Amino acid sequence: MFALAEVRWASAALVLFLAGLVAQWAGGPAWLWWALYLACCAAGGWEPGLAGLRALKDKTLDVDLLMVVAAVAAVALGQVVEGALLIVIFATSGALEALATARTEDSVRGLLDLAPDTATRLGPGDVEEVVAAGELAVGDVVLVRPGERLTADGVVVSGASEVDQATITGEPLPVDRTAGDEVFAGTVNGTGALRVRVMRPAGETVVARIAALVEQATRTKARTQLFIEKVEQRYSIGMVIATIAVFTVPLLWGEDLESALLRAMTFMIVASPCAVVLATMPPLLAAIANAGRHGVLVKSAVVMEQLGTTTQVCFDKTGTLTRGVPRLAEIRVVPGVEMTGDEVLRVAAAAEFPSEHPLGVAIVRAARERGFALPSAEDFAAQPGRGVSAHVEGVHVRVGSPALLGAEDAAAVEEFQGGGLTAVVVLLDGRAVAVLGIGDQIRDESASATDALTRLTGRTPVLLTGDNAAAAGGVAASVGITDVRADLLPEHKIAAVREMQDRGQRVAAVGDGINDAPALAAAHTGIAMGGTGSGMTVQAADVVVVRDDLAALPAAIALSRRARRVVQANLALAGTMIAVLVVWDLVGTLPMPLGVAGHEGSTILVALNGLRLLRRSAWERALQKAPR
């Protein structure tokens, strides 16, 4: 609510300022546009002014209060446009900061919604009782029906099913879970019923720990603002002391009151950091807008600035380097079987057609892509963790686990699994006829993006994934990554990011799943895949690749680096102009109109220089700077 209020006041100030400009340029009566500018100052300035007065009461002086004072001084000297512009700039920046903070808090709260609020607890005699998730105690047994989300972390007591654990481990495919296997809160049960013994209370589940890690990492990142606050405090105190001195010293030397006041007010105007603010914001905001047009959403100017400092990129695997959708990669017909791969695929797809299992969907999709007309399946049956069976054209077809295959025919299974593929066996009338290799599809641009980032940062990206080592190694080899860290839970990913940071690297972490959120929050820059990314991850990230085009990442980093160079040039120009005008005012007689013209002129120059980054050529130049 507080953030929305700030946005409303900042919006009102901007509208009033624009209305004042229109009235002034249209030749309207002076009282009208003066009234509009004054209303703009009131709408956008009362809140930072009040906050500044409260800070002053606590013996703290910030630049927001000085900007309000500078705006009032400008209005008092007839420079109402400059005063209103100062108010608009600072009111807008305050509203954006409040919105960013509110988004982070909402995203953490949204993560906790993954786990259901209630659970079905089994009592003596298997009596079912619906209870609040918070009431579950360690040792309780809960019933998880097909399609339900798990309420607690625990161990399967009985039953068999496939569980989608992508939110926790990032694995692209559901994993089979039977008695003795560990399961996590927030994951989705498949086609079988499970009885799960609770192993952790609600506040200590993996998903709750992820939320805590995100919140903790966000607070840690906020400490980087301490340096800015120190500079702001010192500048504010120095400016007040200097203004008082500019007013009192000439009086002591015999200058008349009016001249001394005019000199001090001129100093207040030319020393105000309006040009410095515009030296920084327009280039970064223009770069944000340009990147946004090309599918990269950068959430703030601070993020755009720090994106260019990246020296190490860390990728998640599933949904990031890969598409996160299982696809049929290979068909291996068992030696001695007189069938082609297409014939095997046709009958296997017919048997899998009624199934909702992701592996079955991948098999059916492959058959459809090859234009096969699927015969009807009769007597269809699905066994969780084992596969499906059906009669197709008078033949009994089974499609499922490699356990169905004899030891003498297991070579293909071992080869597929060693290459990171999931092996699925096809049997006709009880005889194994083929093994299907199903894997995650690597994005077309993953290899080129990895190469571009390596050249841009000077270091090969690192792969951090919750998937198994075989699958991770296969993908990494395909895209040119040599540093692979597999079987990672969220806390392991965040530890890996912090390890790199401890070595002096500025890390950009790229991911799409809930399990990636802590690492994204801990990194200097968190980057989420917007198309496949979870809502929580997109909210927690600093940057969102809206179109899931990894090729845009190197260009965005190159654009950020150019924006940083423009900021540095603008700061040099603005600082030099302020220094010249201040010295002129102190050692000579600077006419107020000339001081205002110089101050505003430098402001316009740095703003126009920054806005050059809005042009399409700026993105094209960034693409050229990001080698491929």
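What follows draws every value from the coordinates through simple rules; no lab data is involved. None of the values given here were measured: they were computed from a predicted structure. Virtual Cβ from ideal backbone geometry, glycine too; neighbours counted across all protein chains shown.
A few remarks follow.
- When only the Cβ of Lys, Arg, Asp and Glu is charged (+1, +1, -1, -1), the dipole of region 115-204 relative to its Cα centre reaches about 80 debye.
- Magnitude of the charge dipole, region 324-442, Cβ model with Lys/Arg +1 and Asp/Glu -1, debye to 20: 240 debye
- Under the combined filter of DSSP loop state and at most 12 neighbouring Cβ atoms within 10 Å, region 340-423 retains these GluC sites (Glu not before Pro): 356, 393.
- For region 115-204, the Stokes-Einstein estimate of translational diffusion at 4 °C and a viscosity of 1.567 mPa s comes to 102 µm²/s, using the Kirkwood hydrodynamic radius over alpha-carbon pairs.
- Ranking of 60, 576, 457 by neighbouring Cβ atoms within 10 Å, starting from the fewest: 576, 60, 457.
- For region 324-442, convex hull volume per residue from C-alpha positions, Å³: 98 Å³
- Exposure proxy order (Cβ contacts within 10 Å, fewest to most) of 40, 314: 314, 40
- Counting neighbouring beta carbons within 10 Å and listing from fewest to most, the residues 199, 281 come out as 199, 281.
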